[in-house]
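Asks: Here's a structure for you.
The values are calculated or read from the model by the stated rules, or taken from the named source; none is laboratory data. These numbers were taken from a predicted model, which means no experiment stands behind them. Here the Cβ positions follow ideal geometry from the backbone for every residue, glycine too, while neighbour counts run over all protein chains shown.
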Amino acid sequence: MTKEDKELVSRIKELESINLARDEIRDVVVETKKGIEKENEKLANKIHENLLKNKIKSFDIVGAIGAGKTLILEKIIEKISSKYKILVICGDITTRIDAKRIEEKGSETIQINTGRECALNAYHIYQIIKNKNLEDYDVIFIENVGNLICPSDFILGTDMRITVVSITEGEWVIEKHPMLFKMSDIAVINKIDLLERLGTNIDKMIEDARRFNPKIQVILTSAKTGKNIDKLLKLMNLD
Ligand code: MG
């Protein structure tokens with residue numbers, strides 16, 4: 001074997017060991033993620049049991065920044081706050097802009113700033129509800145951090161998950177996020193007041209949501225004009 005051949009063999013061995021280490025790291029990451037999701041699920045089940053025991057209806061609302069989650073919540077609260085005692089939990093990386101908007105509608109609101117975390121998890125919710133007298137509430141809404149990816153790793157222990165998209169995000173937005181729609185009970189397609197101007201293919205969005213999850217309920221809304229908010233309340237059993 002020439003000197004060059006020997007060097008080549010040693011380089012190949014080195015690369016093989018790097019690959020093995022990479023595989024091991026990947027396996028550890030996958031196992032850790034599974035472990036975290038399992039622990040989250042256990043805590044979420046405990047939360048849901050607690051909420052059911054106190055006859056609280058609970059909803060978590062997910063969607064991208066600007067899809068209209070907060071405005072939809074504001075419209076819902078306007079309609080039902082005289083009938084139900086409501087607690088709203090708002091998740092955001094930073095700021096309490098959403099909490100402030102919702103507080104102005106007269107609901108008790110708690111803001112969670114997640115810092116570097118891109119979604120709320122059951123631990124965040126547990127920290128809040130364990131210190132609350134749950135007998136004081138009829139309905140809990142959780143508005144998640146604005147994005148369509150991270151929330152699919154964590155259930156929060158609510159009766160229903162509602163995913164809000166808007167037609168301004170384009171007709172591929174549902175097709176590109178199958179995980180979230182598979183685990184949602186209601187898909188809200190918002191901002192339909194802009195349909196004429198944007199020409200978004202809403203039929204495709206509806207078909208995609210139903211293809212990923214045949215049980216999902218799809219509703220078209222305009223939070224801005226209030227269109228179909230009553231129908232949404234009906235789907236949430238809050239009418
Ligand atoms: Mg918001």
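Asks: When you go through (1) hydroxyl-bearing (S, T, Y); (2) farther than 20 Å from N237 by Cβ; (3) surrounded by fewer than 14 Cβ atoms within 10 Å (Cβ to Cβ) one by one for S82, which number turns out not to apply?
Replies: (2)
Asks: Of these, I110, I142, which one is modelled with pLDDT under 95 and either of a type in the set (A, V, I, L, M) or assigned to a helix (DSSP H, G or I) (or both)?
Replies: None of the other options fit; the residue is I110.
Asks: Still on this structure: Report yes if N201 is of a type in the set (S, T, N, Q), farther than 27 Å from A99 by Cα and in contact with a strand residue (DSSP E or B) (Cβ under 9 Å, 6 or more places away or on another chain), otherwise no.
Replies: no
Asks: Would you kindly identify the helices (runs of 4 or more DSSP H) lying entirely within the stretch 171-238 that contain at least 3 residues that are surrounded by 19 or more Cβ atoms within 10 Å (Cβ to Cβ)?
Replies: The qualifying helices (runs of 4 or more DSSP H) are 202-212.
Asks: All but one of (1) at pLDDT 95 or above; (2) not in a loop (DSSP other than H, G, I, E, B) hold for L156, so report the exception by its number.
Replies: Every condition holds for L156 apart from (2).
Asks: Return yes when E49 is more than 16 Å from the ligand (Cβ to nearest atom), more than 16 Å from L148 (Cα to Cα), under 17 Å from the mean Cα position of the chain (by Cα) and charged (D, E, K, R) and no when it is not.
Replies: Answer is no for this residue.
Asks: Next up: Whether any residue in the stretch 98-105 is touching a strand residue (DSSP E or B) at 6+ places or on another chain (Cβ under 7 Å), within 16 Å of the ligand (Cβ to nearest atom) and part of a loop (DSSP other than H, G, I, E, B) is what I want to check.
Replies: No - not one qualifying residue is present in the stretch 98-105.
Asks: Mind counting the residues in the stretch 32-69 that are more than 11 Å from I155 (Cα to Cα), outside any helix (DSSP H, G or I) and of a type outside the set (A, V, I, L, M, F, W, C)?
Replies: So the count comes out to 7.
Asks: Just to verify a result, which residue in the stretch 59-71, among those that are near the ligand (Cβ under 10 Å from one of its atoms), of a type in the set (A, V, I, L, M, F, W, C) and surrounded by 23 or more Cβ atoms within 10 Å (Cβ to Cβ), is farthest from the chain's Cα centre (by Cα)?
Replies: By that ranking, first place goes to A67.
Asks: Residue check: is K176 of a type in the set (K, R) and in contact with a helix residue (DSSP H, G or I) (Cβ under 7 Å, 6 or more places away or on another chain)?
Replies: No; evaluated as a whole, the condition is false for this residue.
Asks: Quick check on my filter: what residues within the stretch 146-155 are crowded, with 21+ Cβ neighbours inside 10 Å and within 16 Å of the ligand (Cβ to nearest atom)?
Replies: G146, L148, P151 - these are the residues of the stretch 146-155 that are crowded, with 21+ Cβ neighbours inside 10 Å and within 16 Å of the ligand (Cβ to nearest atom).
Asks: Yes or no: K83 in a helix (DSSP H, G or I) and either more than 13 Å from the ligand (Cβ to nearest atom) or not hydrophobic (A, V, I, L, M, F, W, C) (or both)?
Replies: For K83, the condition - in a helix (DSSP H, G or I) and either more than 13 Å from the ligand (Cβ to nearest atom) or not hydrophobic (A, V, I, L, M, F, W, C) (or both) - is not met.
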